[in-house]
Amino acid sequence: MSDSIKRDLRKGFIASAFTKYLNFGMRIIVAAVLARLLEPHEFGIFSIALVFLTFFSLLSESGMSVAVVQKRDLSEADVSNIFKFTVGMGLSIAAIFMASSGLIAQFYEEPALTMVCQVLAISAVFNSAAGVPRALMLKEKRFGEIARLDVIAMFTAAAVAMTSAFLGAKYYALVLQELVRGCLVFFMYYRASGIQVQRGFSFASIGKVFNYSAFQFLFNVLNYFSRNIDNLLIGKYFSTTMLGFYNKSYTLMLLPNQTISQVITPALHPVFAELQDQPKRMYQYYVDMVRFLADIGVVISLGVFFFAHEMILVLYGARWLDVVPMLQPLALTIGLQLILQTSGSVFQALGLTKHLFYTGLVSSFMIIGAIVYGVVSQDIIVLCTAYASSILFVFLQNYYVLTRVGFDHPFTEFLGYLKVPALIYVLLFVGMKLALFVQQLAFGSDYFLVNVLAFGGLSAGLFFVTREYRFLGEFGSDYGIKLPTNKLGKLFERSR
């Protein structure tokens, strides 16, 4: 990789990491506090409303911000027109959201949803309007400044949520958190981006980005339904309390994405867009990132699976232990989802939003089918297991298209980069199951400390035996990521 591309990626990773890890710590603290102040039923009400907020925000943004990052020939007048378009869409969609709040409450037989949706509709306007200013900052690779603004919004919103929950605001604490965050993010991005809003409006600017943004928008809609149909159906056909439990398990499954993959993805699109005419070069850099994420994903995925009970007890307390059997099957997909999270940015950088839409269409059918099967079974554990199974097929079809069409490389070659992480995954899973079986046989129970030592020892041993620690060390050196693999590797070599 050229020094400039490497430098830009490293700068983006560091800035994103700063935000995401602060965000991760704050989310854990806020979640732990709110879980002790609010009931699962109240989390369920907010989860339903948030699904609709996400949908209406997505409609209003229309895929325009991604097009601003990708297109090189946009003038200030074009950017101004696109910004006005997204603001106008945001206002229109927010009005529809407010008007439909009563129907949403009636459908779910939850009167509280009326006011909750009406308040959140305001946030939809800010979410839409913030897209273009943020896209301009991404295009200019101002990753550090974006990180700083996100941290300010995050801490302020978290403080508002915890204070209002302590004062008895119930689910409105979660609503206020979302509203404050959206409002702050818009005003700070708008000011920092320096966007020049000009007089007049022309649809010609929208036409310049339409072909690119249209397929991006359609993909976003498909992705929305595949990622949120579970909340919609569980809230309707199970209960808001069950939805509260499920939402916690799903949120924990996504945390690694938010703290690892999403450290990488904000930088991938703007930096890789510079290589859009050199897909073979881009491929060589990307497969290393995929392998790195796979290695990290193995440890996190199985760690969450085997220590789910202790995690829930520490983070949320005993009344949330019903989350454990839902979290475990979902946890097994964390490694795959870490990798999948980055694929959209690569499709975008290659200009293949049309193919992104088609792969999203197939993925949506797979995921929605699995969720509907779980709903029909009336068993939430079956639903989680079916969803987890569908992610494997989503991964395979998504990367088949990306490698064959986007990079013009054999799919088997791509899978070859994942054979060592896959082997470690299988052996670590089997090894931990044997360790638990031996403890049960010998002592009639298993012990947390023994499990931790077994998991750590097996993980380290497998990475050293397969020599995968060498790859991690080289990758860390290239991107300025400090990993203990080199020092531990030297100790391992000496011990041999």
I'd like to check something: does the range 84-91 contain any residue that is in contact (Cβ under 8 Å) with a residue 40 or more places away in the chain, among the hydrophobic types (A, V, I, L, M, F, W, C) and under 30 Å from L275 (Cα atoms)? yes
If I195 satisfies all but one of (1) farther than 19 Å from Q70 by Cα; (2) surrounded by fewer than 21 Cβ atoms within 10 Å (Cβ to Cβ); (3) in contact with a Ser or Thr (Cβ under 8 Å, 6 or more places away or on another chain), what's the number of the condition it fails? (1)
Given the conditions (1) out of contact with any Ser or Thr (no Cβ under 7 Å at 6 or more places or on another chain); (2) within 22 Å of I28 (Cβ to Cβ), every one holds for I104 apart from (2)
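Looking only at the range 343-365, count every residue that is surrounded by 20 or more Cβ atoms within 10 Å (Cβ to Cβ) and in a helix (DSSP H, G or I) and tell me the total. Write out each step before concluding.
Start the filter on the range 343-365 by keeping residues that are surrounded by 20 or more Cβ atoms within 10 Å (Cβ to Cβ), which leaves 343-350, 352-353, 356-357, 359-360, 363-364.
Then keep just the ones that are in a helix (DSSP H, G or I); that gives 343-349, 353, 356-357, 359-360, 363-364.
Of the residues in the range 343-365, 14 are surrounded by 20 or more Cβ atoms within 10 Å (Cβ to Cβ) and in a helix (DSSP H, G or I).
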Quick one: how many residues across the range 80-124 are over 24 Å from G235 (Cα atoms), buried (at least 24 other Cβ atoms within 10 Å of the Cβ) and among the aliphatic types (A, V, I, L, M)? 1
Considering only residues that are touching a residue at least 24 places away in the same chain (Cβ under 8 Å) and surrounded by fewer than 16 Cβ atoms within 10 Å (Cβ to Cβ), which ones fall in the range 285-313? E310
Mind listing just one residue for me: the one in the range 50-93 that is outside any loop (DSSP other than H, G, I, E, B) and of a type in the set (S, T, Y) and, of those, farthest from A173 (Cα to Cα)? S80
Count of the range 206-248 residues which are among the polar types (S, T, N, Q), surrounded by fewer than 20 Cβ atoms within 10 Å (Cβ to Cβ) and part of a helix (DSSP H, G or I): 4
Kindly evaluate K280 against the criterion of being in contact (Cβ under 8 Å) with a residue 40 or more places away in the chain, among the charged types (D, E, K, R) and under 30 Å from I312 (Cβ atoms). no
Considering the range 264-284 alone, what residues qualify as being at pLDDT below 85 and either within 20 Å of the chain's Cα centre (by Cα) or among the aromatic types (F, W, Y) (or both)? I264, T265, P266, A267, L268, H269, P270, V271, F272
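On the given criteria, is A165 of a type in the set (A, V, I, L, M) and closer than 28 Å to L268 by Cβ?
On the way: of a type in the set (A, V, I, L, M): yes; closer than 28 Å to L268 by Cβ: no.
Here the answer is no, as A165 does not meet what is asked.
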Sort out which residues of the range 392-419 are surrounded by fewer than 20 Cβ atoms within 10 Å (Cβ to Cβ) and in contact with a Ser or Thr (Cβ under 6 Å, 6 or more places away or on another chain), and write them in order of number. V401, H409, F411, F414
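Is one or more of the residues making up the range 125-141 of a type in the set (S, T, Y), at pLDDT 90 or above and crowded, with 20+ Cβ neighbours inside 10 Å?
Restricting attention to the range 125-141, the residues satisfying the condition of being of a type in the set (S, T, Y) are 128.
Filter once more, keeping what is at pLDDT 90 or above: none.
Among the residues of the range 125-141, not one is of a type in the set (S, T, Y), at pLDDT 90 or above and crowded, with 20+ Cβ neighbours inside 10 Å, which makes the answer no.
Taking the condition of being aromatic (F, W, Y) and within 32 Å of the chain's Cα centre (by Cα), how many residues in the range 413-443 meet it? Please lay out each step first, then the result.
Going through the range 413-443, the residues aromatic (F, W, Y) turn out to be 414, 417, 425, 429, 437, 443.
Subsequent filtering for residues that are within 32 Å of the chain's Cα centre (by Cα) retains 414, 417, 425, 429.
So the answer is 4.
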List every residue pair whose Cβ atoms lie under 7 Å apart, where the two residues are 6 or more positions apart in sequence or sit on different chains, the first residue falls within the range 141-163 and is under 18 Å from I28 (Cβ atoms), and the second residue, located anywhere, is charged (D, E, K, R). A153/R181; M154/R181; A157/R181
Tell me the helices (runs of 4 or more DSSP H) entirely within the range 402-496 that contain at least 1 residues that are under 30 Å from A349 (Cβ atoms) and at pLDDT 90 or above. 411-416, 419-443, 468-479
Only one of (1) part of a helix (DSSP H, G or I); (2) charged (D, E, K, R); (3) within 25 Å of L243 (Cα to Cα) does not apply to E110, and that is (1)
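Conditions (1) within 16 Å of G131 (Cβ to Cβ); (2) at pLDDT 80 or above, marked per residue:
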residue: C183; (1), (2): yes, yes
residue: Y189; (1), (2): yes, yes
residue: A192; (1), (2): yes, yes
residue: F201; (1), (2): no, yes
residue: I206; (1), (2): yes, yes
residue: A214; (1), (2): yes, no
residue: M242; (1), (2): no, yes
residue: L255; (1), (2): no, yes
residue: Q258; (1), (2): no, no
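Conditions tested, residue by residue: (1) of a type in the set (K, R); (2) within 20 Å of the chain's Cα centre (by Cα); (3) at pLDDT 85 or above.
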| position | (1), (2), (3) |
| --- | --- |
| Y21 | no, yes, no |
| F24 | no, yes, no |
| H41 | no, no, yes |
| S47 | no, yes, yes |
| S60 | no, no, no |
| V68 | no, no, no |
| D78 | no, no, yes |
| F85 | no, no, yes |
| G88 | no, no, yes |
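The values are calculated or read from the model by the stated rules, or taken from the named source; none is laboratory data. Predicted, not measured: the structure shown is a model, and the values here were computed from it. Counting neighbours? That spans all protein chains shown, and the Cβs are built from the backbone with ideal geometry, glycine included.
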